[in-house]
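So the structure is just underneath, and the comments pick up after that.
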Amino acid sequence: MNIERRQFLRDSLIAGSAALLARRAVFAQSVESKIDILINEPIGTVNSNLYSHFVEHLGGVVYDGIWVGERSKVANIKGIRKALVDSLAKIKPGVIRYPGGCFADQYDWRDGIGPRDKRPTRVNFWADTKYKTSKEYEALDSGPQKYEPNLFGTDDFMNLCNLVGAKPYLAANLRSLNVQAYLEWLEYCNAPAGLTSLSTQRAANNSKEPYNVQYWGIGNESWGCGGDFLPEEYAEEFRRFTAWLPTYGVKLQLIGSGPNGGDLGWTRRFLTKLTEKGAGQVNKLYGWALHYYCGTTGKGVSNEYTENEWYDLLARADRMESLIRDHWTVMGETDREHRIKLIVDEWGAWHNQDPNVPPAYLYDYAGTLRDALISGINLDTFQRNADKVAMANPAQLVNTIHSLFQAQEDKFVETSNYHVFEMYMPHAGATSVRSEFVSPRVSFTRLDAARKEIPASFWGLNGSASISGKMVTLTAVNPDAKTTRETEINVGGTRIVSASARVLSSSDIHARNTFENPHALEPRNESVNVGAEGKLIYKFAPASVTRLTLTIA
Ligand code: AHR
C-alpha cells in the first residue's frame, strides 16, 4: 500500500473515531482507543544508527561535558568523563557525529593532534556568533568555549567512540579548508600504519590500528554557516570534494549537507545540479542530512510552559513526519531507486539557555517531561520511516540543546531524553512493522503568526512497533496532559502471550532531572495482564512515553 493511501486510511480512521466511539458507547463498555500492530506489513529494519549522537565544540559540550583532562579530580578515562562513558555505553550508541555543526566548517583537524601542549589555540566559531544569546557570554574573555585550546581532537574523539562502542562520523570542513586537508584527514584516520607519513603519525599519537571511519559529512549546513551556498554551488563543491577519495579498504558512506527543515528547493536543486554530470552521481551519496529543530514556546524557558504550550511544541515536533515524507518524495524525482537515505543528524527542541547555568555553557538547560515526549515522537517517527531514515542524531549529547546529559565539574545527570533512548533500545536491529493508532484527538489553542490564539488539535496516541522473533516492541506517546488512554492492542493474526511495560511519566508536566534532584523523572516497570484470548487492554498514563514488550504465540 502506498504512503498516500496509508495516510488517507489513517486520516479516515481518525475522522471516523468519533463515530466509532459513539457506537461503542451504545453497544459495549469498550475502550476508546485502539492499536493494531500489523506484523505482516514490514517497513524495514530499524537501523541501529537511528540511535546516534552528536558532539560539537560548542559551549560546554566538549569542555567540560566530555573532556575533563587526565589530571582532573573528576573520574575519567584518558581524560574523558567516566560517568558519561558509563551511561552512554549502556544505551548502545550507533554513531557519534563530530566536530560539528557549524564549528566543523571552521575547524582544522591538524590543530587537534599530537602533544597537547603544542596544540594551537584558535577562536571558536561560537565565540562571536549571531546565535549568541547572553550578554554574559559576550563578556567572557577567555575559556575553552571561546578560545578553542584543541585539547580534545581526532584521537581523543576516537577514544570516546571506542569507550562507548560507537562508530565515528566526521564532518569535513568544506567552507574554510580545501580538498587536500580533507584527503589528509581521511589518510590520518584510515590509512594502515606505516603506509604513509600521516598514518605513522597517528600510530605514534594514539593508535596503530586505523580508525576506519566510514561516515563522512561533506560540510554542514552549507546553505548557512557552512558556506552560504546556493544548492547549485554546493552541488559543484560536493562533486569536487568527492571526485576522488582513497578508500583504504573502507566502504565510505558520504553524507551531503541537506536541507534546513522544509526547504524542498534545497533538496531538489542540489540533486538536479549534481546529476547534470550523469544520473550515476547519486551513487556517491549514502545519505542526505536533514536538520529540524522544533524550537521552543513562550519565553523560551525549558521548564516554563502552559498546557497549551505543551501541546503546541509536541505538535511542532510531530512535523518531522511530513518533512521526511516530503524530502523523500523530492529525492525520488532524481534518485528513482531511492539509493540515498535520509540522515536526520540534528533534531530536538531548542530552548533558551537556563540563566542559572554558567554563561559559557551555551544553550544548556535541563530538559523536562515535554522534551522526553519530543524524543519519543521523533524516535517513533524515524522507526515508522525505517525504509527512509538511516541515521538520526539529537543535538547534542551533553550540555546543549536537546541533550541526554548535563555535566558540570563533578556533577553529572541523565536527562529525561536519556531515559527515552534507553527505553527505545529494543527497536534497534528489529523489523519495523506498520501499526495503526486510533484515539480521540486532543484540542488546544496556539498562537498564530500574528500572535492571535487559534484552535488546534493533535493526535491522542501515536507510536511505532517492531518485531524480532516472537518479541514485539511497541512504543507510544500519550500527549494528553490529563487523560489516561485505555487502549485495545491487537497484534494482527496472533495471540499475545505475555506483556510488560516501562513508563516514563509524571503528574507534573514540568518534571525534570537536575543536579539537585537527579532521579525526579525516571522510567518505571509495570507488570501487565493479558486477557484470556491473548487480547490486551492497556491504560497509557497521561503525559507519558511507554514501551510495551509483547511476547506473541
Ligand atoms: O546544534 C547547534 C547548531 O545548530 C549546529 O552547529 C548547526 O549545524 C545548527 O545550526
How do the strands (runs of 3 or more DSSP E) wholly within the stretch 357-459 filter down when requiring 3 or more residues that are over 14 Å from T475 (Cα atoms) and open to solvent by 10 Å² or more (accessible area, probe 1.4 Å): which remain? 411-414, 442-447, 453-458
Could you tell me whether W126 is under 26 Å from the mean Cα position of the chain (by Cα) and either at pLDDT 95 or above or open to solvent by 40 Å² or more (accessible area, probe 1.4 Å) (or both)? no
For the stretch 194-247, which residues satisfy the criterion of being under 30 Å from E276 (Cβ atoms) and among the aromatic types (F, W, Y)? Y215, W216, W223, F229, Y234, F238, F241, W244
All positions within the stretch 234-291 that are touching a helix residue (DSSP H, G or I) at 6+ places or on another chain (Cβ under 8 Å), hydroxyl-bearing (S, T, Y) and within 24 Å of I324 (Cα to Cα): Y234, S257, T267, T272, T275
Any residue in the stretch 88-108 that's in contact (Cβ under 8 Å) with a residue 24 or more places away in the chain and among the polar types (S, T, N, Q): show its pairings with residues that are more than 10 Å from the ligand (Cβ to nearest atom) and outside any strand (DSSP E or B) at Cβ separation under 8 Å, as long as the two are six or more apart or on different chains. Q106/N173; Q106/R175; Q106/S176
Note on the stretch 32-54: residues out of contact with any strand residue (DSSP E or B) (no Cβ under 7 Å at 6 or more places or on another chain) and either outside any strand (DSSP E or B) or surrounded by 23 or more Cβ atoms within 10 Å (Cβ to Cβ) (or both) are S48, Y51
For the stretch 218-225, does any single residue satisfy the condition of being buried (at least 16 other Cβ atoms within 10 Å of the Cβ), under 22 Å from K78 (Cα atoms) and within 16 Å of the ligand (Cβ to nearest atom)? no
Which residue, of S500, S507, is in a strand (DSSP E or B) and either modelled with pLDDT under 95 or not hydrophobic (A, V, I, L, M, F, W, C) (or both)? S500
Checking the structure you have, find out if any residue of the stretch 200-207 is out of contact with any Phe, Trp or Tyr (no Cβ under 6 Å at 6 or more places or on another chain) and over 29 Å from V68 (Cβ atoms). yes
Can you say whether D64 is more than 16 Å from the ligand (Cβ to nearest atom) and either modelled with pLDDT under 95 or in a strand (DSSP E or B) (or both), as far as the supplied structure shows? yes
Regarding E346, is this residue closer than 20 Å to W288 by Cα, assigned to a strand (DSSP E or B) and either of a type in the set (G, A, S) or under 16 Å from the mean Cα position of the chain (by Cα) (or both)? yes
Exactly one of these conditions fails for A181: (1) in a loop (DSSP other than H, G, I, E, B); (2) within 22 Å of R116 (Cα to Cα); (3) open to solvent by less than 40 Å² (accessible area, probe 1.4 Å); (4) not hydroxyl-bearing (S, T, Y). Give me its number. (1)
Considering the stretch 226-265 alone, what residues qualify as being among the acidic types (D, E), touching a Lys or Arg at 6+ places or on another chain (Cβ under 9 Å) and within 16 Å of the ligand (Cβ to nearest atom)? D228
In the stretch 282-301, the residues that are open to solvent by 30 Å² or more (accessible area, probe 1.4 Å) and of a type outside the set (S, T, Y): N283, K284, G298, K299, V301
Per the filter on the stretch 97-118, residues within 16 Å of the ligand (Cβ to nearest atom) and either surrounded by fewer than 24 Cβ atoms within 10 Å (Cβ to Cβ) or part of a helix (DSSP H, G or I) (or both) are C102, F103, A104, D105, Q106
Pairing a residue in the stretch 309-332 that is among the polar types (S, T, N, Q) with any residue that is open to solvent by 20 Å² or more (accessible area, probe 1.4 Å) and not in a helix (DSSP H, G or I), where Cβ atoms lie under 9 Å and the two sit 6 or more apart in sequence or on different chains, gives S322/G262
Within the stretch 467-483, can you find the residues that are under 14 Å from H427 (Cβ atoms) and of a type in the set (S, T, Y)? S468, T473, T475
Looking only at the stretch 274-301, which residues are small (G, A, S), within 16 Å of the ligand (Cβ to nearest atom) and outside any strand (DSSP E or B)? G300
Any chance the stretch 215-223 includes a residue that's without any contact (Cβ under 8 Å) to a residue 40 or more places away in the chain, closer than 19 Å to D105 by Cα and among the aliphatic types (A, V, I, L, M)? no
Is there any pair with a first residue in the stretch 30-42 that is touching a residue at least 40 places away in the same chain (Cβ under 8 Å) and a second that is open to solvent by 60 Å² or more (accessible area, probe 1.4 Å) whose Cβ atoms are under 6 Å apart and which are 6 or more apart or on different chains, and what are they? V31/E486; V31/I537
Can you spot a residue in the stretch 236-251 that is loosely packed, with under 14 Cβ neighbours inside 10 Å, assigned to a loop (DSSP other than H, G, I, E, B), in contact (Cβ under 8 Å) with a residue 24 or more places away in the chain and under 27 Å from the mean Cα position of the chain (by Cα)? yes
Take S322 and tell me if it is within 16 Å of the ligand (Cβ to nearest atom) and either within 20 Å of Q406 (Cα to Cα) or open to solvent by 10 Å² or more (accessible area, probe 1.4 Å) (or both). no
Here are the criteria: (1) of a type outside the set (F, W, Y); (2) within 16 Å of the ligand (Cβ to nearest atom); (3) in contact with a strand residue (DSSP E or B) (Cβ under 8 Å, 6 or more places away or on another chain). Tell me which single one L313 does not satisfy. (2)
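The values are calculated or read from the model by the stated rules, or taken from the named source; none is laboratory data. Small disclaimer: the values here were computed from a predicted structure and weren't measured. Neighbour counts run over all protein chains shown; Cβ positions are idealised from the backbone, glycine included. Each accessible area value is taken on the protein alone, full model and side chains, heavy atoms only, with ligands, DNA and RNA left out. Shrake-Rupley method; radii C 1.70, N 1.55, O 1.52, S 1.80 Å.
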